[in-house]
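The values are calculated or read from the model by the stated rules, or taken from the named source; none is laboratory data. Bear in mind the structure is a predicted one, so any value in this text is a computation, not a measurement. Don't worry about glycine lacking a Cβ; one is built from the backbone with ideal geometry, like all the others, and counts go over all protein chains shown.
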Amino acid sequence: MKYKSYQQTKYIIFFAILLISKAMVAQTSKTDPNDFQGWYGASAKIDLQKKWEVNIDYQSRFINNMQTYNGSYITLGGSKKISKLLTAMADYRIVLADNGLYHRFTIGSEAQKKLGKFDLSFRLLVQNQLQDFEELEKATDNSGYWRTRFMAKTALTKNLNLYVSTEPIMKFGGNYFIDNLRNTIGLKYKVSDKTKIDLFYIYRPDFAKTTYNRLFQVVGINIDFNFKVKKK
């Protein structure tokens, strides 16, 4: 048991060192805006029985090489398992940012399949985002997006999982087929039956600008809580 715990700790320390080393070489400028960001949050998922789940998430984001607070992200969502393979989901997010108030509505579904030692999933979302700015000269922006995510995860040890995913994000009526691409690698460690720690890194190139390329790199940590409503 001590050896397994030591191995799990080694994975987490190695991953943390890797993320910190990426932060040390990141730079930000107007002509070459490569930004390193930090996302930190917590989430709670509640199993309501009869294949229904609800969840609430909170996340704080820091930009400009993790020096500038960029807002709080609060999400309330729910899901319903339709079949063994398919789950329907929807959520609402409010963002309290320095430059205004953002509302986001999302609806979609996710298909899951186990293949050997890997759990595979494909998620398709349709997202509508509203931005209400305080500045009177800026009109309210109402944009729609497609989001598709391919994910694979596997168990490294009994309590430690590795996952990777890629997620193209496409704007309705945009100039580009893909506006930005989120590539993620993460480790999820099971602390207890109800608690997991999620440590992740996102490599996100942005193609929506015509005059220059943008690259966002994100390190983050999230604490996941899981609860289950007992049957009466």
| task | Would you check if residue 128 is closer than 24 Å to residue 41 by Cβ, surrounded by 14 or more Cβ atoms within 10 Å (Cβ to Cβ) and not small (Gly, Ala, Ser)? | result | yes
- prompt: Yes or no: residue 178 surrounded by 14 or more Cβ atoms within 10 Å (Cβ to Cβ), of a type outside the set (Ser, Thr, Tyr) and at pLDDT below 90?
  reply: yes
Filter the range 128-151 for residues that are of a type in the set (A, V, I, L, M, F, W, C) and under 17 Å from residue 95 (Cα atoms); the one that is modelled with the lowest pLDDT is 133
Test result for residue 205, out of contact with any Gly (no Cβ under 8 Å at 6 or more places or on another chain), in a strand (DSSP E or B), within 27 Å of residue 142 (Cβ to Cβ) and without any contact (Cβ under 8 Å) to a residue 24 or more places away in the chain | no
In the range 181-229, anything among the β-branched types (Val, Ile, Thr) and at pLDDT below 95 is listed as 210, 211, 229
Are any of the residues in the range 108-125 buried (at least 16 other Cβ atoms within 10 Å of the Cβ), modelled with pLDDT under 95 and not β-branched (Val, Ile, Thr)?
no
